[in-house]
Structures are given as C-alpha cells and as structure tokens.
Amino acid sequence: MLTYTKIQSMLEECGQSHLLNFFNELSEAEQQQLLNQISSVNFHEANELFGKAMKSLDGDLQEIDSLMEPVPESQFEAEDTCDPIKLENYRNKGLEEISKGNIGVLLMAGGQGTRLGVTYPKGMYSVGLPSGKTLFQIQAERIRRLQTLAERRTGIAGCIPWYIMTSGRTHEETRHFLEKNDYFGLDKDNVVLFEQGLLPCFNYDGKIILDQMNVISMAPDGNGGIYKALHQNGILEDMNRRGVKYVHAHSVDNILVKVADPVFVGYCLEKGADCGAKVVKKASPTEAVGVVCKVAGHYQVVEYSEVSEETAKKTNDKGELLFNAGNICNHFFTVDFLAEVARKHDRFMKVHVAKKKIPYVDEHGVRYSPKSPNGIKIEKFVFDVFQFTDNFVTWEVPRYTEFSALKNPDEVARDCPSTARRDILNLHKVLVERAGGVVDGEIEISPLLSYSGEDLESKVKGKVFDSYMTVLIQSDEEIVKHKSNGVINGHN
C-alpha cells in the first residue's frame, strides 16, 4: 500500500492529481477506500490507453476497408462441405484430447443482463424453455455430456475444466448461483471463477472521472481483458498444473454454443493452429457482425461499422460474398499462445472506445448523471490477438445449429429471448425428426441426453410428439419443469 505522499506525487506526475481534490472532506474510512483504489490502478498504462483510444477515434476507417483480404482457402474449412470421414476424424481427435484432460473451456461471462432488462449476470438468464434451464445450466450440461462421449470413445474418463471469467459486478452472484445449484452436476473443483480487470473512465480531456468524492469511475476492460486476467489471477498456472493444453473460449450469451466442440478442437489441432475462430455466413452484406479477414497481411476482425457498403457487397468468382466470415465470439487457443499473449502482446492490443454518459462529481463534489455522453470507456476485444500469429484458422458452421445470440429485450425482436428460445427449439425439432421422430408441438432435448443429435434414434424413432411442450430428459433424477402431456426418459 502506497503512502499518501507517494500517491500524491504519482498522480501529479500522471496529470491526475484532481482525484485527491476532496480528500480532506472525506472520513478516515473513505480516505482509505480512495487510497486503496488509487493504488490498484496503473496510471501510466491508463494514460497510454487513453492516448491510443483518442487516436483510434481519429483513425481513417477507409484505410482499413481498402486493405481487407478474405481468409485464404488454406486456412478455411466449412462443416457443410467437409468430407464426412474427415469430419469424423476431427471429432474423434477432439474426444481423445478431452479424455486425456487436455481441453478446457474458457467462458466469458462478465456481462450483466442490463440490455435484457435484468440486474443479474446474463448466464443466470432463462429464455423460457420448457425445462426452465438457464444459459449456465445448458452449458454445464453440455460439458458433462461431452465427458461421457469422450469416455465412451476412448475408455478413459477425462474432465473438462470450466474457467469462468466474471466481472466485479457479477462475480459473487455467479459464484453463489453455481454453488446453490451444485454446479449443475460438475465437480466444483473443476469450476474456476476469476474476475476480469477494470479500467478508469475518462473525460475527453484525458482526466479520470470521479464517480463519487472517494470513488474513481471504473468499467470492465472488455472480453479482451481475458489475457491479462488469466495471467494475474494465476489461471494459466492452473491450466498448466492440470495439464490443459488447449481451450475453447466463447461468450455466455450464445444459447446454441457447442461447448468444447470436439470437431472444432480436432480441426484446429489437425491444422496446427495457435488460435482459431468459428464463423457463420453473413445473413446479408450489411449484417451488423464483424468479419474475420486479413488486413495488411495480418488476421483480424473488422467491425461492420468499419466496412463500406461497396466493400461489404463485393463477391468472388462463385457469386458469394467476398467477406462472408461472420465473427461469433467462438475461439480455439493453445495455452502456450495465451501465455505468449499475456507476456508479450497484451499491451499492443488494439483498444476500442465507447462514448458514454458517465456519472461524475463536479468541482463542488455534487454528483451528476449527464443526459449526453461526457466521457469514454475503453475496452479490448478477445479477437484482437489474431494478428499475433500466422497459425490461424477459421471453421465455418451453419448458423441454425450453432449461433443465436441473446443481447436485447423482446421488443427489439432480434437477438432476444424469444429468438433464442425459437432457435434452440427449432434445432431440437430438426434433430428429433432427423432421428425418425415426428414433432407437431415444441420439443426440447436435454444436453445430458444428446450433445448434437447422437443417441436420439432409440428414443424417438417412429414416435409422434404432439403435446404443446415436450422435454426429452436424460434420467429420472434430472429436474424438469414444463407444461406438457408427455415426457420421455432416456438413459445412457
């Protein structure tokens, strides 16, 4: 803990001495709180990030647009066009790595459901499935099922450690929720929570904003803060101790995510990739998703706002969109690459800037909530490390099987609870009918019964599911809440 004199000197050096303006008006406890918070901030780094942020606001977007190239065919494959034998080889390779304990899952779950209209972590959200399951439960059960499939394939019982990155606002609530629900059947020793970092909020003059007289305004550093957080929280050491060599990283808000997807993992390993990205075909040239591509010879995601309509509409000789690889925040990394990023590249990552309405105290110590943007929040994005490797690959998957984001309230009618619920139930209907069943109502498949359609035929072939809601569950022990005339119990 630094002394007041040292803190004062350091703040003056960094041009942030205003943070102590109200120090003498604070109680002793409030003074200590402020000094503790100031001591936790790297002001030289913060000032450097502010400089990069302001430069990025002034950047020439047209320059990026003109330098874009599609991902080379050598670094791209698609599930839809992949040879079935090759696809099965990828899957088996992934399952074998799981059984050896070499695969971990890195879940980015720091966001609150503010845009959804709730005040709790987004992973605790239920979109209203017949079973009532939350995003956390669905993803935990997919991990359990994969462990079963890997053991069945190899005869070896391996585990998939679940690393969950939270934020200061979601950490305790997430931990309590998982504890209360007994980690949804996972071994609690294999569920590791850690917090992402925070960055100060700035006004446009580069001064850090005081939220209260004794509190600096801070905001999460974005999902790209994961690299620094992995290092600072000892997670990379934990991975090495457990023997985890590769991780599947994804955001919590995709209800269709194939957690630790053995096909994706197997493909990336076969290609010798340091990192990889799952992508989906863009729904339209101007869809608001980032595009995975090359810029000036380096891989990166270019945000839709950085691409001109003319470039977005370009096509190749097959008549397909030239820049068609939509980013869905779904990535493969080797642990060695994660360590290299944390050690060497983190400080060189691009920064992203959002102009925000940030509450502040004025020169008299009065707190205001502005009606228009008065400052910036700085964050990093997880995909901005693609530029640091040449060993990068993309794997294209069908949107209907793997991507349905949950970001907005229902009134937006896009990427919302209703569309997430619709998409997962539509997929389950497809899987049941592919296995020989007939679905006239709605049907939900427990991840404990089937990860991606396997083992359904014996449960559904020749059967008609015509009740309003039906849940296929894995065992009598699983708790299922639904309105239904029929429930089918399946056992491994």
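The values are calculated or read from the model by the stated rules, or taken from the named source; none is laboratory data. As the structure is a computational prediction, the values presented were derived from the model and not from experiment. Cβ: placed from backbone, ideal geometry, glycine included. Neighbour counts: every protein chain shown.
Residues in region 302-332 that are modelled with pLDDT of 95 or more and in contact with a Gly (Cβ under 8 Å, 6 or more places away or on another chain): 326, 327, 331, 332. Taking the criterion of being under 27 Å from residue 275 (Cβ atoms), part of a loop (DSSP other than H, G, I, E, B) and among the aliphatic types (A, V, I, L, M), would at least one residue in region 102-121 satisfy it? Scanning region 102-121 turns up at least one residue that is under 27 Å from residue 275 (Cβ atoms), part of a loop (DSSP other than H, G, I, E, B) and among the aliphatic types (A, V, I, L, M). Any residue at all in region 40-58 that's assigned to a loop (DSSP other than H, G, I, E, B), of a type in the set (S, T, N, Q) and not assigned by TED's automatic domain parsing to the domain that holds residue 203? Checked against the condition, which is being assigned to a loop (DSSP other than H, G, I, E, B), of a type in the set (S, T, N, Q) and not assigned by TED's automatic domain parsing to the domain that holds residue 203, region 40-58 yields at least one hit. Would you confirm, using the coordinates I've provided, whether residue 249 is surrounded by 16 or more Cβ atoms within 10 Å (Cβ to Cβ), within 19 Å of residue 160 (Cβ to Cβ) and among the small types (Gly, Ala, Ser)? Yes; evaluated as a whole, the condition is true for this residue.
Residues of region 346-377 that are touching a Ser or Thr at 6+ places or on another chain (Cβ under 8 Å) and assigned to a loop (DSSP other than H, G, I, E, B): 350, 351, 357, 358, 359.
Kindly establish whether residue 444 is among the charged types (D, E, K, R), buried (at least 21 other Cβ atoms within 10 Å of the Cβ) and not in a loop (DSSP other than H, G, I, E, B). It is true that residue 444 is among the charged types (D, E, K, R), buried (at least 21 other Cβ atoms within 10 Å of the Cβ) and not in a loop (DSSP other than H, G, I, E, B). Filter region 345-379 for residues that are free of Cβ contacts under 8 Å to residues at least 24 places away in the same chain and not aromatic (Phe, Trp, Tyr) and give the result. Matches in region 345-379: 355, 357, 362, 364, 366, 369, 370, 371, 372, 373. The set of residues in region 340-355 that are surrounded by 16 or more Cβ atoms within 10 Å (Cβ to Cβ) and over 22 Å from residue 300 (Cβ atoms) is empty.
For region 69-113, a residue qualifies if it is in contact with a helix residue (DSSP H, G or I) (Cβ under 9 Å, 6 or more places away or on another chain), touching a residue at least 60 places away in the same chain (Cβ under 8 Å) and of a type in the set (Gly, Ala, Ser), and the qualifying residues are 94, 101, 104, 109, 110, 111. Every test in (1) part of a helix (DSSP H, G or I); (2) of a type outside the set (D, E, K, R); (3) at pLDDT below 95 is passed by residue 98 save one, and that test is (3).
Yes or no, residue by residue, for (1) in a loop (DSSP other than H, G, I, E, B); (2) under 26 Å from residue 420 (Cα atoms); (3) of a type in the set (Asp, Glu); (4) in the same structural domain as residue 97 (by TED's automatic domain parsing):
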| residue | (1), (2), (3), (4) |
| --- | --- |
| 176 | no, yes, no, yes |
| 199 | no, no, no, yes |
| 224 | no, yes, no, yes |
| 237 | no, no, yes, yes |
| 249 | no, yes, no, yes |
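When you go through 198, 193 one by one, which is the residue that is touching a helix residue (DSSP H, G or I) at 6+ places or on another chain (Cβ under 6 Å) and without any contact (Cβ under 8 Å) to a residue 40 or more places away in the chain? Answer to the selection: 193.
The single condition among (1) free of Cβ contacts under 8 Å to residues at least 24 places away in the same chain; (2) within 18 Å of residue 209 (Cβ to Cβ); (3) of a type in the set (Val, Ile, Thr) that residue 38 does not satisfy is (1).
Search region 378-390 for residues being touching a Lys or Arg at 6+ places or on another chain (Cβ under 8 Å) and assigned to a loop (DSSP other than H, G, I, E, B), and hand back the single one that is farthest from residue 250 (Cα to Cα). Filtering region 378-390 for residues that are touching a Lys or Arg at 6+ places or on another chain (Cβ under 8 Å) and assigned to a loop (DSSP other than H, G, I, E, B), the one farthest from residue 250 (Cα to Cα) comes out as 380. Any residue at all in region 50-57 that's more than 30 Å from residue 272 (Cα to Cα) and either touching a helix residue (DSSP H, G or I) at 6+ places or on another chain (Cβ under 9 Å) or charged (D, E, K, R) (or both)? Looking through region 50-57, at least one residue is more than 30 Å from residue 272 (Cα to Cα) and either touching a helix residue (DSSP H, G or I) at 6+ places or on another chain (Cβ under 9 Å) or charged (D, E, K, R) (or both). In the set 123, 117, only one residue is at pLDDT below 95 and under 20 Å from residue 419 (Cα atoms); that residue is 117. Within region 287-306, being within 23 Å of the chain's Cα centre (by Cα) and either in a loop (DSSP other than H, G, I, E, B) or of a type in the set (D, E, K, R) (or both) holds for 287, 288, 289, 290, 294, 303, 306.
Where residues in region 425-441 are touching a Lys or Arg at 6+ places or on another chain (Cβ under 8 Å) and not aliphatic (A, V, I, L, M), which of them is surrounded by the fewest Cβ atoms within 10 Å (Cβ to Cβ)? Ranking the candidates gives 436 first.
Considering region 44-95, and only residues there that are buried (at least 16 other Cβ atoms within 10 Å of the Cβ) and β-branched (Val, Ile, Thr), the residue that is modelled with the lowest pLDDT turns out to be 64.
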